[in-house]
1. Just how far, in whole angstrom, is the stretch B:311-369 from the stretch B:118-143 if you go by their alpha carbon centroids?
2. Is it possible to state the helix-based mean residue ellipticity at 222 nm for the protein assembly as shown, with each DSSP H run of 4+ residues giving -39500 (n - 2.57), the sum divided by total residues, to the nearest 500 deg cm²/dmol? What is it?
3. Over the alpha carbons of the stretch B:331-400, what is the largest minus smallest coordinate on each principal axis, giving the biggest first in Å?
4. Protein chains only, probe 1.4 Å: how do B:Val56, B:Val345 rank by accessible area, largest first?
5. Just reorder B:Ser251, A:Ser32 by solvent-accessible area, largest first, 1.4 Å probe, all chains present.
6. First select every other residue whose beta carbon is under 10 angstrom from the beta carbon of B:Ser292; then total the charges, Lys and Arg +1, Asp and Glu -1.
7. What is the interface area between chains B and A, defined as buried accessible area summed over both chains with a 1.4 Å probe, reported in Å² to the nearest 100?
8. Counting alpha carbon pairs within less than 8 Å and at least 6 residues apart, what relative contact order, in whole percent, applies to chain B?
Amino acid sequence: MKIRVDPELCSGHAVCNAQAPELFSLDDDGYSNIGSLEVPPGMEELARRGMLACPERAITIEE
Amino acid sequence: VSETLRQPIVDFDHHSPEFNADPHTAWQSLRETCPVGWSEHYGGFWIVADYEGNHVALKNHAVFTSERVDSNSGDHGLNIPGYATDEDLIAYPEEIDPPDHWPLRKLINARLSPAESREMQPAIEHWTTTCIDAVIGVGECDLLYDITGPVPAYTILDWLGFPHDRVIEAAEIMHDTLGYPPESDRYKKARANDMIQQTLWAACAARRKEPRHDLISWLMTQEINGKPVDDQTIVQLAIVLVGGGVDTTTSLTSSALVHLNRDRELRQQLIDNPGLLEPATEEFLRVYPPLSSIARTARRDYVLRGCRLHSGDRVLVSRYAANYDPDAFERPEEFIVDRFPNRHVSFGLGPHRCVGSHIARLMFQEMMGQILRRMPDYELDEESISTYPDRGMVNGWAALPARFTPGTREGAPA
């Protein structure tokens, strides 16, 4: 599973980080800095929660 | 396929007594009947009252600008009617669109990120403890005037570098500007009072001579596009932080306290399980968005929900109506304490997302946590509580008298 955060859409709500800080890291301004990331095994549910929490719909998941 | 363009006319005035008698029903019926409609009030404006419409209008600054452009109603600004006059300084970065918005926004982001906001937790705890200590022995207070009003005001303005002895006066000016109708004496008097701006200019002059550990002093060490930040820019940034800081978390926390006066089962749940407060924060935000509407101006013709918006048209975007949109939220009328996902738009969307959202959540949780722990049996006098007379923009409260079993002070002696 791969997650991708669209930097054009991310507006720094940081709710992905609140759901799963170990997966969704932030830069010094509080915006997502992951770009795209391979989800480590066992963390798929956390990745989904982060995606669903984003009000900007900036996060996509590729299974 | 050609689309038939619509212009549903609605008799909608968010500052009218009819609206303010029941804003919830007014926003709901607007969304159900339109969801995009045209009102002839205030020189004419569109209202966007659904969730998807919020996404379109708030994320597309190329069409829906926050800047003070010429409009068809002669009006501009982030509310309708717009209260900013040409003499008023432009609010930074609120009234600037990307890309110029970004260097200004980046400065404030750096100081209000989730990590930086958590650094302010001791100050939040201090002000909450201090304000509750002042009334805890008495057994009665006004939860608005004694706690939910002053805690955010002292926390934010102290961090900013605003003098302590002017904090309450500044908060009252913001309450009167945001909570009273534009034709009322209270509103006019508050609008004519330039104390906040004068105080910010004076604070800048003082910090140039003698820097302190506050935001104004820090901004003086920063650069925008390679140039040092000047006093006027600091005042323009600070005005937004004063406005955003003093009336919004206050309104949210006050609404939550009223909610828990009426839902004792939920109050007990939150007392028994303080961990529930975190997810509950999002549901309180959805159900009681402090800023219920915000205005934009169309920069060019645009078709939204089958309606032709013309270049220069004013547009009022209702976050409140979006948060109750059944297309975005299951059972939107129900308060579901751990609702997930909960993609409410109470902090806005797009580049102008509320910069203080992280500290707002922390202040809300600290105030609610301490009130539920120290005044668990608080009882609002439902006959005497009152909302803002004007809830077209801010969904706020004017009085929250309460009684509770007296307790003991927890902070350092006064």
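1. 26 Å
2. Rounded to the nearest 500, it is -12500 deg cm²/dmol.
3. For the stretch B:331-400, the Cα extents along the three principal axes come out at 40, 31, 29 Å.
4. Descending accessible area places them as B:Val56, B:Val345.
5. Per-residue accessible area, sorted high to low, gives A:Ser32, B:Ser251.
6. So the surrounding residues net to +2.
7. About 1700 Å² of accessible surface is lost on pairing.
8. On the way: 707 pairs, mean separation 116.5, N = 414.
The normalised contact order for chain B reaches 28 percent.
The values are calculated or read from the model by the stated rules, or taken from the named source; none is laboratory data. Please read these numbers as outputs of a predicted model, since none were measured by experiment. Cβ sites come from the backbone with ideal geometry, for glycine too, and all protein chains shown count toward neighbours. Accessible surface is based on the protein model in full, side chains and every heavy atom, while ligands, DNA and RNA are left aside. Shrake-Rupley method; radii C 1.70, N 1.55, O 1.52, S 1.80 Å.
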